[in-house]
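Presented below is the structure to which this report refers.
What follows draws every value from the coordinates through simple rules; no lab data is involved. Since we're looking at a predicted model, the values are computed, not measured. Virtual Cβ from ideal backbone geometry, glycine too; neighbours counted across all protein chains shown.
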Amino acid sequence: MKNILKLINDYQDTVKVGVEDMQKQFHTRYLLKSWRSGIIPKSGVLVSGIEYDFHGVGCLLTINNATVDFDFGPDDRYDGFDLWRLGCFVDERPELYKIYFENKSLLEEDFKKLIEKHIIVAPKWFPGSSLCYFTEVMR
């Protein structure tokens, strides 16, 4: 369980770095709404060097030559995750997550265990209805 919790925390921390840089540069907390209203360009490079590219209800960030993809949740939350996004995160950083890079079925098993133990939930919140979140107990 320790491995997947570290992976999720690393994923969330990486997304947070990019989102906070965008919020600071564009002077708004509401990035998705700002992009959709044309206030923020669809893609670009931040002063920090982070590249971003909005899509659908999310954004693809490139930080230190590695990408991380995320979708926004309600009220522009960005702490949601799903198995696909975690798998992509692992693929971009195989040396850090070797256990999952070499065994994708283990990642899926560990993810399912978190759901079964109610450590994470999939509330199907709009707009990122596929996202999971830590339960209140884990915060």
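Among the residues of segment 17-46, the ones that are assigned to a loop (DSSP other than H, G, I, E, B) and free of Cβ contacts under 8 Å to residues at least 40 places away in the same chain come to 9 in all.
Inside segment 101-122, residues that are among the aromatic types (Phe, Trp, Tyr) and within 17 Å of the chain's Cα centre (by Cα) make up a count of 1. If you check PHE126 against the conditions, is it loosely packed, with under 14 Cβ neighbours inside 10 Å, touching a residue at least 40 places away in the same chain (Cβ under 8 Å) and not in a helix (DSSP H, G or I)? It is true that PHE126 is loosely packed, with under 14 Cβ neighbours inside 10 Å, touching a residue at least 40 places away in the same chain (Cβ under 8 Å) and not in a helix (DSSP H, G or I). Please go through (1) of a type outside the set (Asp, Glu); (2) in contact with a strand residue (DSSP E or B) (Cβ under 6 Å, 6 or more places away or on another chain); (3) not in a strand (DSSP E or B) for CYS59 and return the number of the only condition it doesn't satisfy. Failing condition for CYS59: (3). Note on segment 62-73: residues that are of a type in the set (S, T, N, Q) and part of a strand (DSSP E or B) total 2.
Quick check on TYR100: is it part of a helix (DSSP H, G or I), among the aromatic types (Phe, Trp, Tyr) and surrounded by 14 or more Cβ atoms within 10 Å (Cβ to Cβ)? Yes: the conditions hold for TYR100.
Evaluated against (1) part of a loop (DSSP other than H, G, I, E, B); (2) surrounded by 15 or more Cβ atoms within 10 Å (Cβ to Cβ); (3) among the aliphatic types (A, V, I, L, M), LEU86 falls short on exactly one condition, (1).
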